[in-house]
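**Student:** Just dropping this structure here.
Taken together, the values in this text are just the output of simple stated rules run on the coordinates, not laboratory data. Worth saying up front: this structure is predicted, and the values here are computed from it rather than measured. Positions of Cβ are backbone-derived with ideal geometry, glycine not excepted, and every protein chain shown enters the neighbour counts.
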């Protein structure tokens, strides 16, 4: 295919014109407004989408009602996130997004969904983004996006099938993770309903504060040690980060949390909507927007972690605002949080069950990482034609 083919030759591209994002009152949720926070990965994270009522949905869908096979692209904050509409939920465009709808029979929408994630396309959009404060790409530029590789339709569908199968496996593992944590919370809640003691969170272990090594010192960054921040703490099972430190960097301006430490966000915009926490699966460094607790020897480490997880909603009620509207959890308030721990003789049985579940969850997290890496390595090879579908599945 020639590089002269543009996205608009094959697709309808519709911009979201709405500037505000009203949220439906409880009981009046009719649909989801998918904005950029829900498009941080490769699929739509509906936990980050806003619910809207029927009136808002109808007003926001007058230009185009989203349907199965449509693609939502984030054009701001940050540019390039994509989501595929599977038709299982009612969805309207959120702020700073565009709808991409395939209108040409020679292009498969699922293939295009993966093509938009390729490094070449992402770099193209990044190069055309403007804005000194918030980077964004204009809708006119999105329409001009070149489609530089378009194999026959049957091949497109096979490529999408291979990449989609990997996405499906990742989704199964993600659901397994959710089930593990829900079961762990249920076991914990049942245990403490019988007999328990009350401890403040500040009394269960040693608290650590983090920091950020100098970002202008290249020898501090890019090593083997994950550096966890509010932006990278997304999983309960903490073993990796997009930013890493060298050993030198870990000794300058930050703090190490040992395997088994509980990490949680105490400052960041994410605190406006969720309490992010996790358990370190290896030694990690972490930033000043997080705290870590090293549970005292003799206390049930897994039980303490699940106890804190069950208090997520309560902790969000303690969040106030720092400068620029950033969410903040003050240390004295979270240290005073009371948690329940099972009493003997059941405490050992509960801790054993919860530890086994968290081990299963950690194994699932590693499986997700391997599958994600495989998909990410295959994606550019398949989309460029450097590897055929037959070679990929051999």
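**Student:** Run the numbers for residue 62 and residue 175: contour at 0.36 nm per residue of separation, minus the present Cα-Cα distance, in nm.
**Tutor:** Details: separation 113, 0.36 × 113 = 40.68 nm, distance 3.40 nm.
Full extension of this stretch gives 37.3 nm more.
**Student:** Still on this model: Using only Cα atoms, locate the centre of the stretch 138-182 and the centre of the stretch 308-333, then give the distance between them in Å, rounded to an integer.
**Tutor:** Cα centroid to Cα centroid, the span is 35 Å.
**Student:** Using only Cα atoms, figure out Rg for the stretch 191-281 and give it as a multiple of 2.2 N^0.38 Å. Present the calculation step by step, with values, prior to reporting the outcome.
**Tutor:** On the way: Rg = 15.5 Å, N = 91, 2.2 N^0.38 = 12.2 Å.
Here the Cα radius of gyration is 1.27 times the empirical estimate.
**Student:** Over the stretch 196-342, what is the mean sequence separation of C-alpha contacts under 8 Å (at least six apart), divided by residue count, expressed as relative contact order in percent? The partial results should precede the final answer.
**Tutor:** Values: 332 pairs, mean separation 47.8, N = 147.
For the stretch 196-342, the relative contact order is 33 percent.
**Student:** Output the 0 to 90 degree angle, nearest 10, between the alpha-carbon long axis of helix 301-310 and the longest principal axis computed from the alpha carbons of the chain.
**Tutor:** That works out to roughly 60 degrees.
**Student:** What fraction, in whole percent, of alpha-carbon pairs in the stretch 116-211 exceed 21 Å separation?
**Tutor:** Numbers: 3142 of 4560 pairs.
Above the 21 Å cut-off, the stretch 116-211 has 69 percent of its Cα pairs.
**Student:** Moving to a separate point now. Take each of the peptides 286-297, 150-161, average the number of other beta-carbon atoms within 10 Å over its residues, and list them starting from the highest. List each step's numbers first, then the result.
**Tutor:** Values: 286-297: 20.4, 150-161: 17.1.
By packing density, highest mean first, the sequence is 286-297, 150-161.
**Student:** Specify the inter-centroid distance of the stretch 76-118 and the stretch 220-250, based on alpha-carbon positions, in whole Å.
**Tutor:** Comparing the Cα centres of the stretch 76-118 and the stretch 220-250, I get a distance of 30 Å.
**Student:** Compute the distance in nm between two label points, each set 7 Å from the Cα along the Cα-to-Cβ direction, one at residue 40 and one at residue 386.
**Tutor:** About 3.0 nm, to one decimal.
**Student:** Once label points are set 7 Å from the Cα along Cα→Cβ at both residue 12 and residue 374, what is their separation, rounded to one decimal in nm?
**Tutor:** For the pair residue 12/residue 374, the computed spacing is 3.8 nm.
**Student:** Just 27, 164, 346 to compare: in a GNM of the chain, with alpha carbon springs under 10 Å, which one fluctuates most?
**Tutor:** Answer for the Gaussian network model of the chain: 27.
**Student:** Starting from the Cα of residue 259, step 7 Å along the direction of its Cβ; do the same at residue 135; then give the gap between the two resulting points in nm.
**Tutor:** 3.6
**Student:** Ok, one more. Which order do the peptides 184-192, 326-334, 71-79 take when ranked by the mean count of other beta-carbon atoms within 10 Å per residue, highest first? List each step's numbers first, then the result.
**Tutor:** Numbers: 184-192: 18.7, 326-334: 16.6, 71-79: 21.6.
By packing density, highest mean first, the sequence is 71-79, 184-192, 326-334.
**Student:** How far, in nm, would the chain grow between residue 198 and residue 54 when pulled straight, counting 0.36 nm per residue and subtracting the alpha carbon separation? Please list the in-between numbers first.
**Tutor:** Working: separation 144, 0.36 × 144 = 51.84 nm, distance 4.47 nm.
Residue separation times 0.36 nm, minus the Cα-Cα distance, leaves 47.4 nm.
**Student:** Have a look at the stretch 196-342 and give its Rg and Dmax from the Cα atoms, expressed in angstrom.
**Tutor:** Cα radius of gyration and Dmax of the stretch 196-342 are 15.0, 50 Å respectively.
**Student:** Run through the DSSP bridge list for the chain and note the antiparallel percent, rounded to the nearest 5.
**Tutor:** Expressed as a percentage, antiparallel bridges in the chain total about 85.
**Student:** Still on this model: Any number yet on Rg/Rh for the chain, C-alpha, Kirkwood? Working shown, then result.
**Tutor:** Working: Rg = 23.1 Å, Rh = 23.2 Å.
Over the Cα atoms of the chain, Rg/Rh equals 0.99.
**Student:** Set the Förster radius R0 to 45 Å, insert the Cβ-Cβ distance between residue 317 and residue 155 as r into 1/(1 + (r/R0)^6), and round the FRET efficiency to 0.05. Walk me through the numbers before you get to the answer.
**Tutor:** Values: r = 53 Å, r/R0 = 1.18.
Calculated transfer efficiency: 0.25.
**Student:** Taking the convex hull of the Cα atoms, report for the stretch 25-109 its projected area averaged over all directions, in nm². Walk me through the numbers before you get to the answer.
**Tutor:** Values: hull surface 22.6 nm².
Dividing the Cα hull surface by four gives the mean projection, 5.6 nm².
**Student:** Given Cα pairs under 8 Å that are at least 6 residues apart, what percent is the relative contact order of the stretch 7-150?
**Tutor:** Values: 289 pairs, mean separation 42.8, N = 144.
In percent, rounded to a whole number, it is 30.
**Student:** Between residue 123 and residue 25, what's the calculated FRET efficiency when r is the beta-carbon distance and R0 is 51 Å? Round to 0.05. Show your work: numbers first, answer last.
**Tutor:** Numbers: r = 42 Å, r/R0 = 0.83.
Calculated transfer efficiency: 0.75.
**Student:** Moving to a separate point now. So what is the orientation-averaged projected area of the stretch 7-150, using the convex hull of its C-alpha atoms, in nm²?
**Tutor:** For the stretch 7-150, averaging the hull's shadow over all directions gives 8.3 nm².
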